[in-house]
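Asks: Dumping the structure here so I can ask a few things about it.
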Amino acid sequence: MPTTAADLRALELFEHCTDDDLAVVSRAVDAVLEVPEGDVICAEDEVADRWWIVIEGQADATARG
């Protein structure tokens with residue numbers, strides 16, 4: 001599923017962005033993943049090599065357990 005400016009604008013985080021802003025973000029998306037519930041996508045103390053945008057569903061972020 002490609003991530004378009006319209007997909008991103010539907011998210012509260014991006015609702016006030018311009019079309020040009022959203023075009024830049026959508027071009028930066030290089031993969032769309034479906035992650036099963038309960039899977040860890042990144043763990044504390046790991047070096048981050050990407051950022052995540054949750055299009056559908058929700059994600060929990062925790063620190064120190």
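The values are calculated or read from the model by the stated rules, or taken from the named source; none is laboratory data. Everything numeric in this text was worked out from a predicted model, so none of it was measured. Reconstructed Cβ throughout: ideal geometry from the backbone, glycine too, with neighbour counts over all protein chains shown. Accessible surface is based on the protein model in full, side chains and every heavy atom, while ligands, DNA and RNA are left aside. Shrake-Rupley method; radii C 1.70, N 1.55, O 1.52, S 1.80 Å.
Asks: State all residues of the stretch 45-59 that are open to solvent by 100 Å² or more (accessible area, probe 1.4 Å) and among the aliphatic types (A, V, I, L, M); if no residue qualifies, say none.
Replies: If the condition is that a residue be open to solvent by 100 Å² or more (accessible area, probe 1.4 Å) and among the aliphatic types (A, V, I, L, M), then 47 is the only one that fits.
Here's the yes/no breakdown for (1) more than 21 Å from residue 57 (Cβ to Cβ); (2) of a type outside the set (D, E, K, R); (3) in contact (Cβ under 8 Å) with a residue 40 or more places away in the chain:
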| site | (1), (2), (3) |
| --- | --- |
| 7 | no, no, yes |
| 27 | yes, no, no |
| 31 | no, yes, no |
| 39 | no, no, no |
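Asks: Just checking, which of 4, 62 is loosely packed, with under 11 Cβ neighbours inside 10 Å and among the polar types (S, T, N, Q)?
Replies: The conditions single out 62.
Asks: Could you check residue 44 against (1) touching a Lys or Arg at 6+ places or on another chain (Cβ under 9 Å); (2) assigned to a loop (DSSP other than H, G, I, E, B); (3) at pLDDT 90 or above and say which number it fails?
Replies: Among (1) touching a Lys or Arg at 6+ places or on another chain (Cβ under 9 Å); (2) assigned to a loop (DSSP other than H, G, I, E, B); (3) at pLDDT 90 or above, the lone unmet condition for residue 44 is (3).
Asks: Same structure again: Tell me which residues, restricted to the stretch 17-39, are in a loop (DSSP other than H, G, I, E, B), surrounded by 10 or more Cβ atoms within 10 Å (Cβ to Cβ) and either among the small types (Gly, Ala, Ser) or at pLDDT below 90 (or both).
Replies: Those that are in a loop (DSSP other than H, G, I, E, B), surrounded by 10 or more Cβ atoms within 10 Å (Cβ to Cβ) and either among the small types (Gly, Ala, Ser) or at pLDDT below 90 (or both): 29, 32.
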